[in-house]
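Worksheet for the structure shown next.
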Amino acid sequence: MNIVEMKGITKSFPGIVANDRIHLEVKEGEIHALLGENGAGKSTLMNILFGLYQPDEGEIWIKGKQVQITGPNMAGELGIGMVHQHFMLVEPFTVTENIILGNEPVKGGWIDRDGAEREVREISDRYGLRVDPRARIQDISVGMQQRVEILKMLYRGADILIFDEPTAVLSPQEIQELMGIMNNLVEEGKTIIFITHKLKEIMQVCDTVTVIRRGKFIDRVKVEEMDENRLASMMVGREVSFAVEKEAAKPKETVLSIEGLHVTDSRGVGVVNGLDLEVRAGEIVGIAGVDGNGQTELLEAIAGLRKVQKGKIQLNNSEITNQRPREITERGVGHIPEDRHRRGLVLDFTIGENMVLQTYYQSPFARGIHLQYDQIHQYAERLVKEFDVRTPDIHTPARALSGGNQQKGIIAREMDRNPDLLIAAQPTRGLDVGAIEFIHKRLVEQRDKGKAVLLMSLELDEVMKLSDRVAVIYEGKIAGWVNPQTTTQEEVGLLMAGGSTGTEVKH
Amino acid sequence: MQLIQRKQSTFLTSLVSVLLGMLVGAVMMLVAGYDPIQAYAALLSSAFLMPYDIGETIRTISPLILTGLAVGLAYRTGLFNIGVEGQFIIGQLAATIIALKLDLPPVIHAVVAVIAGAIGGALWAFLPGLLKATRGVHEVIVTIMMNFIALYLSNVLVRNWLSAGADSTEKIPSSASLRWDSLSSLFGGARIHMGIFIALASALFMYYLLWRTTSGFELRAVGFNPDASEYAGMSVKRSLILSMMISGSFAGLAGASELLGTSGYLAIQGAHTGIGFDGIAVALLGANTPGGILLAASLFGILTYGGSNMQFVEGVPFEVVRVVFAAIILFVAANIVRWGTQKFRKKAVKEHA
Amino acid sequence: MLDVLTNILQTTVLYATPLILAAIGGLFSERSGVVNIGLEGLMTIGAFTGAVVTLATHNPWIGLLAAIVAGILFALPHAVASITFKADQVVSGVAINFLALGVSVYLVKSLYDGAAQTPTVKETLTRLPIPGLDQIPVIGPALFNAFPTTYLAILVVIITYFLLYRTPFGMRLRAVGEHPRAAETMGVNVFRMRYIAVLISGALAGAGGAGLSIAIGSEFNQTTVAGQGFISLAALIFGKWNPFGVLGAATFFGFAVGLALIGQIFGLTTYIPSEVLNMLPYILTILALAGFVGRAEGPAAVGKPYETGGR
């Protein structure tokens, strides 16, 4: 029996049609994958099912009845629950408070805290979630927080569970645990819709997969009849080669060398703990690791955006530890930041102004304190053309461009300065396959020009494909080096989880 | 194309808000039994009737421009300077001290007093800027608190130092005055003074600083996105403090020129005059651009001066003008036009699909 | 000496009362995620309405009730602008302050032939001794022979505490101010919670304002409130958005305000100018914000307009 049926769902926002007549049929008791690239419309569809958006057209049938889901409350009544990609947890509240919020058990007008805690503990035990009902959210791990999200749904008696990209924030071990929990849930009679773009995970746990592309329904297939390559081409719409074409690296002198680096996060907790790293001219060094193991802080420390507590960072044999970002930039470091909207661009500035974000004060863009707009505009025109940034003109605010073109703009700016060291943090996050290929090619080009490239990505595949050497980071230290050509995913996964193997290929 | 649309909609928002605000004023007059049409007619005509009135209107506009620039410039850097009121008071205080305690030749005396006012305002704005930059303390609350500290500081100094226990200081010497007789007689003896030139020069300065210099590039970048500015090697802290200080110096200039040009002495105040709020109103209506601020200040200046005459001629209490200001601000802040067009666009999309 | 102590205590309680009411009002608003700079204006309209209605009906209780209603009415535009229209909450609050001052002075002038203040209110609220308790030395006359508004204020603090931390309503209110989207996905109506909170702040600030015009004082004019709404805001921050913290902070600021006023009686102001005492609440609040007197950190989502769905 189909427990969920969405027929011909259409939803548009000003400027785009996010869902264009999409069909989704989910059988009771299965794990159903919803597969699509970033921006394909997966989240919109699920937000419709969860009642956060209203569809412009289409029908929704739940458990054999046609329904109109007007809000999360209504979705809850229908037995639909959602684990959001960005957790929906109130940080200063306890686990129990987060779970009962909106549905509080009341005894004589007051919240029945003891009763609630008892119930939470019971459910937690039944599904093997091992959550402490009294802990505060701000004090528990990301994996634990996700289990609180799952408990929230179970507490409300949901039997249709939506998981929105749940593995992005987890370590390989935690992912395995989650897969186990998902299997437990299905055994207890729940149905799961699993939103993802990770093919391996689909192959591992799902029964059926619905593929959508650019807002349109492509196909619904049984996972057992599929392999990863065929799923990939359905998702992207053409044959994709997983390999990046590149010749063997010809590394030369050391450009970046880091010794015994210690960095703390904004709360003062040590996140980079005695890290050593070396990147040479003419090679791409990849950093693999689970989110939150100090990658962000490491790169920010190199770029001068975060204070180094202890240790040494050298660029071309001279020290740059704790220098200002401007000095580090001037000495030849380019940086494609992890979060392009937060760091990479001033969205309300024009594309032209963004192109000189670090160099506006230098000749020829300024003479003394006076900006030379002619020069700035000429320069921006050239970059936009060379890097194929699709924009009406250079006076368009960066905000108006698509994500891919925004990222191309940043890459143009950073590469054109011809830095000795290019830091690329998650350079392709959230982009479509075309833009990803473009960016990968440019990174390899930079390497071939004899520059050093330090690549950080949470997508293990990307790191393995592009890098000449891979350093696996775990709890703020390099847990081991691997050769991406000869190593296996299992080996890297083990290192990412803090295991201690890995072939020594340091040089 | 988009930019033009955005500019048009800003202008439309301002226009619609002004009309709605005046409508609220009209309703208020009807409630209390006045004739709004007659009252508004008296208001508008009296602001332009005679050269004297025009001169007085310009005098009213001058501080509005400066306080508007103060709020607008800070806003461009992402700061909400509610402290214009306090910086204005400190500007007055500094100018008074120079005017009364120093003995300098004419012109130089006035120039030094004006500069002192600007520096006073800048220093009073320094602390909120510093706290924001170094400790992340929200400038709104700090500047509100600083406003009251400024008020009491000014009062205590007037009573205990600048006068012998009186409620106001003596008149400033003419060497420090911003009055200029030829200008005044041109406008039928109105109290118009050099303050208007200070205001216009400041507007020009704000434009040049923000859009033509590297420092301005930094101030605007920090205003839009401090994280990206930091990444790009700019000093966010420096920009925040600089922005507050320039903003405060505009407010200080307003205080100094009002004191040296209009009132001529400093008195004890029981409460704030609302000049800082006027600045917020002007900046908001003028969309934080120097040109927009000039226009908005002119409008509010006409309403203010005309409003006091309206009270005289038609008997409508002046406070109705304050209500109109407040209503305009609510309408601009709520962006009533955008809201209306969005509703319309949503409907259009639905019908289209 | 004991007399002096009693006097100080009595004055402190007297001037703390309006501050407590308004600050707790602000607490509701800000805990729900809406900054309320407009407390000053809401107190102003409360003070105005309290005086005018009492003058008209000769009954201060009706005056108090009317002030509460007027506070709610003037909080409404702030709610509409900052919640429905997603206006900048600070700008909206500032506008409310001036709207309230403009409207009340305008109406006073219209009602009383251009006079700048209302006639004297004869039938003000009077001190209500609690038999027995008011005989306790020193604290008796201050705490148990107080105005009804004082008892109301203390009651409000206690109710607020239990409401906030022990009831579903309070939990939802706090959740909405910390992480509105999370609350919404759990079925909490963010807009409704915020509206209720802002209107409650209007009611309480209105009551606080009435305390100024028909209990402590007996008329309304332009300077009746004169910054006490902002001191309430300061008390809210100094009290770290916590009901009993606010009670303590408001009491302390009431002490400072009272001292500046009665300082002359003891000759204190010959050593310290009253203006310096007046500055005290503001200086302390800046120090608190800067982290020199314990760090003050507000609800996470305060000041941010909420967009349903959000894309």
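Going residue by residue through the stretch B:248-257, is there one that turns out to be modelled with pLDDT of 90 or more, in contact with a His (Cβ under 8 Å, 6 or more places away or on another chain) and within 19 Å of B:E56 (Cα to Cα)? Spell out how you get there, then give the answer.
Narrowing the stretch B:248-257 to residues modelled with pLDDT of 90 or more: B:248-257.
With the extra rule that they be in contact with a His (Cβ under 8 Å, 6 or more places away or on another chain), the set shrinks to B:257.
Then keep just the ones that are within 19 Å of B:E56 (Cα to Cα); that gives B:257.
For the stretch B:248-257, residues modelled with pLDDT of 90 or more, in contact with a His (Cβ under 8 Å, 6 or more places away or on another chain) and within 19 Å of B:E56 (Cα to Cα): present.
Would you pick out the residues in the stretch A:57-73 that are more than 15 Å from A:K190 (Cβ to Cβ) and either of a type in the set (V, I, T) or more than 9 Å from every other protein chain (Cβ to nearest Cβ) (or both)?
Residues of the stretch A:57-73 more than 15 Å from A:K190 (Cβ to Cβ): A:57-61, A:64-73.
Selection gives A:G58, A:E59, A:I60, A:W61, A:G64, A:K65, A:Q66, A:V67, A:Q68, A:I69, A:T70.
Checking the conditions here, which among A:V290, A:V308 is more than 14 Å from chain B (Cβ to nearest Cβ), within 21 Å of the chain's Cα centre (by Cα) and either under 23 Å from A:K252 (Cβ atoms) or among the β-branched types (V, I, T) (or both)?
A:V290
Of the residues A:R280, A:R324, which single one is basic (K, R) and in contact (Cβ under 8 Å) with a residue 24 or more places away in the chain? Break it down stepwise before answering.
Numbers: A:R324 fails: in contact (Cβ under 8 Å) with a residue 24 or more places away in the chain.
Sole residue among the options that is basic (K, R) and in contact (Cβ under 8 Å) with a residue 24 or more places away in the chain: A:R280.
Which of the numbered conditions does B:G117 fail, given that it passes all the others? Conditions: (1) among the small types (G, A, S); (2) over 18 Å from the mean Cα position of the chain (by Cα); (3) under 30 Å from B:W211 (Cα atoms).
So the condition that B:G117 fails would be (2).
Could you say which residue among B:A99, B:A150 is in a helix (DSSP H, G or I), away from chain C (no Cβ under 13 Å), in contact (Cβ under 8 Å) with a residue 60 or more places away in the chain and surrounded by 19 or more Cβ atoms within 10 Å (Cβ to Cβ)? Don't jump to the end; show me each part of the working.
On the way: B:A150 fails: away from chain C (no Cβ under 13 Å).
Of B:A99, B:A150, the one residue that is in a helix (DSSP H, G or I), away from chain C (no Cβ under 13 Å), in contact (Cβ under 8 Å) with a residue 60 or more places away in the chain and surrounded by 19 or more Cβ atoms within 10 Å (Cβ to Cβ) is B:A99.
Filter the stretch C:78-99 for residues that are more than 28 Å from C:G217 (Cα to Cα) and either assigned to a helix (DSSP H, G or I) or more than 14 Å from chain B (Cβ to nearest Cβ) (or both) and give the result.
Correct list: C:A79, C:V80, C:A81, C:S82, C:I83, C:T84, C:Q89, C:V90, C:V91, C:S92.
Since B:E139 meets every condition but one in (1) among the acidic types (D, E); (2) closer than 19 Å to C:M279 by Cα; (3) away from chain C (no Cβ under 14 Å), which condition does it not meet?
Going through (1) among the acidic types (D, E); (2) closer than 19 Å to C:M279 by Cα; (3) away from chain C (no Cβ under 14 Å) one by one, B:E139 breaks only (3).
Conditions: (1) in a strand (DSSP E or B); (2) of a type in the set (A, V, I, L, M); (3) out of contact with any helix residue (DSSP H, G or I) (no Cβ under 6 Å at 6 or more places or on another chain). A:I328 meets all but one. Number of the miss?
(1)
Go through the stretch A:272-321 residue by residue and tally those that are over 24 Å from A:R342 (Cα atoms), in contact with a Ser or Thr (Cβ under 9 Å, 6 or more places away or on another chain) and surrounded by fewer than 17 Cβ atoms within 10 Å (Cβ to Cβ).
6
Considering (1) of a type outside the set (D, E, K, R); (2) over 17 Å from the mean Cα position of the chain (by Cα); (3) under 20 Å from C:N221 (Cα atoms), say which one C:F74 fails and leave the rest.
Against the list (1) of a type outside the set (D, E, K, R); (2) over 17 Å from the mean Cα position of the chain (by Cα); (3) under 20 Å from C:N221 (Cα atoms), C:F74 comes up short only on (2).
Residue check, C:A142 against (1) more than 14 Å from every other protein chain (Cβ to nearest Cβ); (2) without any contact (Cβ under 8 Å) to a residue 60 or more places away in the chain, all met but one. Which one?
With respect to (1) more than 14 Å from every other protein chain (Cβ to nearest Cβ); (2) without any contact (Cβ under 8 Å) to a residue 60 or more places away in the chain, C:A142 is out only on (2).
Please work out which residue is modelled with the highest pLDDT, limiting yourself to the stretch C:106-133 and to residues that are more than 24 Å from C:V53 (Cβ to Cβ) and over 26 Å from the mean Cα position of the chain (by Cα).
Filtering the stretch C:106-133 for residues that are more than 24 Å from C:V53 (Cβ to Cβ) and over 26 Å from the mean Cα position of the chain (by Cα), the one modelled with the highest pLDDT comes out as C:P131.
One line per residue, one yes/no per condition, for (1) buried (at least 24 other Cβ atoms within 10 Å of the Cβ); (2) without any contact (Cβ under 8 Å) to a residue 12 or more places away in the chain; (3) assigned to a helix (DSSP H, G or I):
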residue	(1), (2), (3)
B:T10	no, no, yes
B:V18	no, no, yes
B:M28	no, no, yes
B:A41	no, yes, yes
B:S46	no, no, yes
B:I65	yes, no, yes
B:L73	yes, no, yes
B:G91	yes, no, yes
B:A94	yes, no, yes
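Check C:L65, C:L5 and return the single one that is at pLDDT 95 or above, surrounded by fewer than 24 Cβ atoms within 10 Å (Cβ to Cβ) and part of a helix (DSSP H, G or I). Break it down stepwise before answering.
Working: C:L5 fails: at pLDDT 95 or above.
Exactly one residue qualifies, and that residue is C:L65.
Just to be sure I understand, how many residues within the stretch A:20-53 are within 14 Å of chain C (Cβ to nearest Cβ), in contact (Cβ under 8 Å) with a residue 24 or more places away in the chain and over 18 Å from A:L431 (Cα atoms)?
7
Is it true that some residue in the stretch A:384-396 is within 27 Å of the chain's Cα centre (by Cα), more than 25 Å from A:S43 (Cβ to Cβ) and within 14 Å of chain B (Cβ to nearest Cβ)?
Checking the stretch A:384-396: at least one residue is within 27 Å of the chain's Cα centre (by Cα), more than 25 Å from A:S43 (Cβ to Cβ) and within 14 Å of chain B (Cβ to nearest Cβ).
Which one is surrounded by the fewest Cβ atoms within 10 Å (Cβ to Cβ), of the residues in the stretch A:83-119 that are more than 10 Å from chain C (Cβ to nearest Cβ) and in contact with a Ser or Thr (Cβ under 7 Å, 6 or more places away or on another chain)?
Ranking the candidates gives A:E117 first.
So in the stretch B:192-207, with the set limited to residues that are assigned to a helix (DSSP H, G or I) and not hydrophobic (A, V, I, L, M, F, W, C), which one is surrounded by the most Cβ atoms within 10 Å (Cβ to Cβ)?
Step one: of the stretch B:192-207, the residues assigned to a helix (DSSP H, G or I) are B:195-207.
With not hydrophobic (A, V, I, L, M, F, W, C) added as a condition, the list becomes B:195, B:202, B:207.
Numbers: B:G195: 28, B:S202: 24, B:Y207: 15.
Taking the candidates together, the pick is B:G195.
Going through the stretch A:279-329 one residue at a time, which ones are among the basic types (K, R) and within 30 Å of A:E490 (Cβ to Cβ)? Working first, answer last.
First pass over the stretch A:279-329, keeping only residues among the basic types (K, R): A:280, A:306-307, A:310, A:312, A:324, A:326.
Within the stretch A:279-329, just A:R280 meets the criteria.
Going by what's in this entry, would C:A79 be described as touching a helix residue (DSSP H, G or I) at 6+ places or on another chain (Cβ under 8 Å), of a type outside the set (S, T, N, Q) and free of Cβ contacts under 8 Å to residues at least 12 places away in the same chain?
Values: touching a helix residue (DSSP H, G or I) at 6+ places or on another chain (Cβ under 8 Å): yes; of a type outside the set (S, T, N, Q): yes; free of Cβ contacts under 8 Å to residues at least 12 places away in the same chain: no.
Taking the combined requirement at face value, the residue does not satisfy it.
Condition test on A:R118, is it farther than 19 Å from C:R172 by Cβ, assigned by TED's automatic domain parsing to the domain that holds A:I195 and part of a helix (DSSP H, G or I)?
So A:R118 passes the test.
Which residues, taken from the stretch A:241-265, are within 22 Å of the chain's Cα centre (by Cα) and loosely packed, with under 14 Cβ neighbours inside 10 Å?
Once the filter is applied, which keeps residues that are within 22 Å of the chain's Cα centre (by Cα) and loosely packed, with under 14 Cβ neighbours inside 10 Å, the stretch A:241-265 yields A:S241, A:F242, A:A243.
In the stretch B:217-260, how many residues are at the interface with chain A (Cβ under 8 Å from one of its Cβ atoms) and either of a type in the set (K, R) or under 20 Å from the mean Cα position of the chain (by Cα) (or both)?
Going through the stretch B:217-260 one residue at a time, the tally reaches 1.
The values are calculated or read from the model by the stated rules, or taken from the named source; none is laboratory data. The structure displayed is predicted, hence computed values, not measured ones. Because the Cβ atoms are built from the backbone with ideal geometry, glycine has one as well, and the counts that use them run over all protein chains shown.
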